[in-house]
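These notes concern the structure reproduced below.
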Amino acid sequence: MDTEKPSSQKKRKPKTPKKINERYLYNAGLYYLKRYTASIEHFKGVMRRKIKKSCAHHTDQDFGACLTMLDAATDRLIDEGFLDDEAYTRGMVTSLRRKGKSHKLIAQTLRTKGLAPDLIHSELESFDEYFVTPDRDGDISADFKAALIHARKKRLGPYNTKPASDELYKRGLGSLARAGFSYETAKRVMDLPQEDLQNMPMV
């Protein structure tokens, strides 16, 4: 009996890692950045993993020398505009705020990307001046507006279509808390009457 697996089911042999040189790192980095946006530190983390894998296979390579080549390739990508922490932070803040993310959660997320706290704070402050304006939104905070977006998406508080209950109320508070909103902001959203939504900002 023939037990050979069909060719489509045969395991593919893992590709042999390429040897590291500056040109390879630049081209591999450029390919990555054309598919994904990244902060400088996150990008270098991705490339360092490639280097480690290559050095583990090609033991004649010097890891430190490879990192020096990575620095040179990274500098070139920065000079050419493919890596830009300010633009990356601005784009992430805009996207996350519009998705209903809290100041706290956005800051935590961006810090994991290796971005400077001062840059994160500056971009959040700048975007929030546009995100909430007195003429359009009245006297509310940016986090409250973001919390309303979160509540609308999760159908919490005034956006809830189910019969009100203590359990739903507590679950709503918990959802907002896990999203990084303060207890005061979460409670204000959960206590908002449905009829008051018409006086709230468009979210």
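Assorted remarks:
- Selection count where residues are of a type in the set (S, T, N, Q) and either closer than 17 Å to I120 by Cα or loosely packed, with under 13 Cβ neighbours inside 10 Å (or both), scope segment 50-106: 6
- In the set (1) closer than 24 Å to I40 by Cβ; (2) part of a helix (DSSP H, G or I); (3) touching a helix residue (DSSP H, G or I) at 6+ places or on another chain (Cβ under 6 Å), Q108 fails one condition alone, (3).
- Note on segment 111-120: among residues that are without any contact (Cβ under 8 Å) to a residue 60 or more places away in the chain and surrounded by 13 or more Cβ atoms within 10 Å (Cβ to Cβ), the one that is nearest to G29 (Cα to Cα) is A116.
Only the coordinates and a few stated rules stand behind these numbers; no lab work does. Keep in mind that this is a model prediction, so the values were computed, not measured. Backbone-built Cβ (ideal geometry, glycine too); neighbour counts: all protein chains shown.
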